[in-house]
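The values are calculated or read from the model by the stated rules, or taken from the named source; none is laboratory data. Here the structure is a predicted model, which means the values were calculated and not measured. We place every Cβ from the backbone using ideal geometry, glycine too, and count neighbours over all the protein chains shown.
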Amino acid sequence: MLKFSLIFMFMNSIIMPTVTHPLFLGLLIILQTIMVSIITRLMSSSSWLPLTMFLVVVGGLMVIFMYSTSITSNNIFTKNNITKYFLFTIMIIPLNKEFSIYFFKDTLCTLDNFNKEFFKMFSEVNWASSVFMFYYLLMALLMLIKMINLTKGPMRKKY
């Protein structure tokens with residue numbers, strides 16, 4: 001899993017400089033953030049750091065997304081030659097012999113560690129605090145929906 005994530009991050013890093021549309025660039029940044037969070041989770045014993053990092057980055061990207069959609073709402077998405085970069089990355093994978101040999105072994109080893117961490121997080125000791133946290137987030141979501149006036153329409157102005 002770790003090697004697959006690294007190869008996927010390499011592919012995203014190659015594609016990013018060629019992208020001209022801000023929405024596609026935002027999608028690539030979100031995918032890169034997901035891969036960094038997965039790698040951080042696989043290398044650390046705690047899942048809180050990758051979760052916090054992911055939520056902060058995605059929160060910032062949502063603000064950037066709202067700003068960029070209000071500016072570039074009518075731009076046409078032009079298809080660059082991204083497929084050649086994708087094919088280049090696919091051709092690199094078989095060259096790495098370790099990737100094909102140890103891919104499934106690496107996945108099975110991290111699966112056991114994931115199950116242990118998951119059961120620690122939702123054990124009987126932490127059950128009450130987890131339920132309180134879920135309830136608190138649900139209430140915050142419902143209050144936010146109630147505060148937003150849905151009759152006003154979209155956030156951007158129509159001229």
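Quick notes on this structure:
- Selection count where residues are modelled with pLDDT of 65 or more and in a helix (DSSP H, G or I), scope the range 40-82: 28
- Matching residues, the range 37-73, being within 14 Å of residue 5 (Cβ to Cβ), of a type in the set (A, V, I, L, M, F, W, C) and in contact with a helix residue (DSSP H, G or I) (Cβ under 7 Å, 6 or more places away or on another chain): 38, 39, 42, 54
- Whether a residue is surrounded by 14 or more Cβ atoms within 10 Å (Cβ to Cβ) and over 23 Å from residue 130 (Cβ atoms) was assessed, and residue 58 does not pass this test.
- Test set (1) free of Cβ contacts under 8 Å to residues at least 60 places away in the same chain; (2) over 29 Å from residue 70 (Cα atoms) - residue 10 fails condition number: (1)
- The single condition among (1) modelled with pLDDT under 80; (2) surrounded by 15 or more Cβ atoms within 10 Å (Cβ to Cβ) that residue 90 does not meet is (2).
- The condition of being more than 28 Å from residue 137 (Cβ to Cβ) and part of a helix (DSSP H, G or I) holds for residue 25.
- Qualifying residues in the range 2-39 (those that are among the small types (Gly, Ala, Ser) and modelled with pLDDT under 80) - the one surrounded by the fewest Cβ atoms within 10 Å (Cβ to Cβ): 13
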